[in-house]
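Remarks on the structure that follows.
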Amino acid sequence: MQEKALEGKIAIVTGAASPRGLGRAMTEALVKAGARVSMMDINQQWLDETSNYMREIGGDDCVMTQIVDVSSIGEAERSIQRTIEELGGLHILVNNAGIAPRNMLMGGKTSNNFWEISADEWDRVVSVNSSGPFYMTRTVVPHMLTQGWGRIIGVTTSMDSMWRRGGSPYGPSKAGHEALVAIMAQDLEGTGVTANVLVPGGATHTNMTAANARYDPSNLLKPEAMQAPAVWLASEDSGEVTGQRLIAYYWDESLPIHERLEKCGAPAAWPQLGLQMINPIQ
C-alpha cells in the first residue's frame, strides 16, 4: 500500500470549521493525505459538525478541536502547546482564519470609505487577518526550527481585493499578511522551514458570501480548489519552494511540477516592485 503524502505529519488549520469554507476544504485534504489536524475555530457548533465529518473519512484520531481566537497571543500559545502535547508534534501551519467587516460580506455592500470605518472595526479585522498569522507563526516556528522541518501556508487574497476602492480594512489586512509571509520566507531560508501563500484566485463561494449576494454562486470558485495545492505545499515535495504565492485555480495536476508552478505561482508580495526603490547603498 502506497504511503500517503502527509503520513505521520501533524497540522494546524485556523478557521478550520466553517461549513462552506477554505479551512474545511483544506482540512479534509490534509486528513485524506494522512495528516492529523488540530482544527481551530471560534464556533463550537461548526467545530463539532466538521470534526465529526473528518472522523468519518479519517478515523477517530485524525483531528482534535479547539476554540481559539487567533487575535490573542495567549490563546495562540496555549493552543499550539496543547496541539504538540496531545498529537505528539507539529509540522504544518495553515494560517487561514480571516474575517471581513460586518457590512462587507462578499457580494453585499462594498462601499466602505476608509474615513467611515471605526477604530474598533479596523482593529477587529486587522487583529485576526494580520496579527493572528503573526502570533501563530511566531509561536510555531521555534518548534519547527528545532526539528529542522516545517511548512507554513498563509491564505491571503487576490491582489485586486487588497487595493480596490472601499476595501478597507480587509484589503490592507490581507496585504499585511502576505508581506509577512514574504519576510518569513527570507528569515527562514536554509532552515528546512518554508513559508508560502495560497489563494483561491478569485471570488469563492464560502460563508463570507452574503446571503443576498449579487453573484450567482454557481459562477464562483469552489473552496475545493485549495485542496491539491495545499497538500503539495504541506508535503516533503515542496521543500525547495518558499516565498511564493500560488493561485489554486491554476493548479494543474496534469502538468510536470515545474510547469505547474510556472502556471500558478509568483513571488509573494510582488517583490519585483521593490526594484523601483532608489537604493542609497551602491
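The values are calculated or read from the model by the stated rules, or taken from the named source; none is laboratory data. Keep in mind that this is a model prediction, so the values were computed, not measured. FYI the Cβ positions are ideal-geometry reconstructions off the backbone, even for glycines, and counts take in every protein chain you see.
Condition check: touching an Asp or Glu at 6+ places or on another chain (Cβ under 9 Å) and surrounded by 22 or more Cβ atoms within 10 Å (Cβ to Cβ). Does A5 satisfy that? Criteria not met by A5. Condition (residue is among the basic types (K, R) and within 18 Å of the chain's Cα centre (by Cα)) applied to the stretch 43-56: is it met by at least one residue? No, every residue in the stretch 43-56 fails to be among the basic types (K, R) and within 18 Å of the chain's Cα centre (by Cα).
Of all the residues in the stretch 38-68, those that are within 20 Å of F134 (Cα to Cα), β-branched (V, I, T) and either outside any loop (DSSP other than H, G, I, E, B) or out of contact with any helix residue (DSSP H, G or I) (no Cβ under 7 Å at 6 or more places or on another chain) (or both) number 2. When the stretch 8-47 is limited to residues that are more than 17 Å from P200 (Cβ to Cβ) and among the basic types (K, R), the one that is surrounded by the fewest Cβ atoms within 10 Å (Cβ to Cβ) turns out to be K32. Here is a check on your reading of the model: is P142 within 19 Å of V13 (Cβ to Cβ) and at pLDDT 95 or above? Against the criterion (within 19 Å of V13 (Cβ to Cβ) and at pLDDT 95 or above), P142 does not qualify. For the stretch 78-100, a residue qualifies if it is in contact with a helix residue (DSSP H, G or I) (Cβ under 7 Å, 6 or more places away or on another chain), in a helix (DSSP H, G or I) and buried (at least 18 other Cβ atoms within 10 Å of the Cβ), and exactly one does: I80. Note on the stretch 112-161: residues that are of a type in the set (V, I, T) and touching a strand residue (DSSP E or B) at 6+ places or on another chain (Cβ under 9 Å) total 8. Residue pairs whose Cβ atoms lie under 8 Å apart, sitting 6 or more positions apart in sequence or on different chains, and linking a residue in the stretch 146-164 that is buried (at least 24 other Cβ atoms within 10 Å of the Cβ) to a partner that is among the charged types (D, E, K, R) and assigned to a strand (DSSP E or B), are T156/R245. Here L273 fulfils each of the conditions (1) at pLDDT 95 or above; (2) surrounded by fewer than 12 Cβ atoms within 10 Å (Cβ to Cβ); (3) not small (G, A, S) apart from (1). From the list S18, S71, the lone residue that is in a loop (DSSP other than H, G, I, E, B), within 18 Å of L198 (Cβ to Cβ) and polar (S, T, N, Q) is S18. Taking the conditions (1) touching a Gly at 6+ places or on another chain (Cβ under 9 Å); (2) surrounded by 19 or more Cβ atoms within 10 Å (Cβ to Cβ); (3) over 19 Å from Q227 (Cβ atoms) in turn, D69 satisfies each one other than (2).
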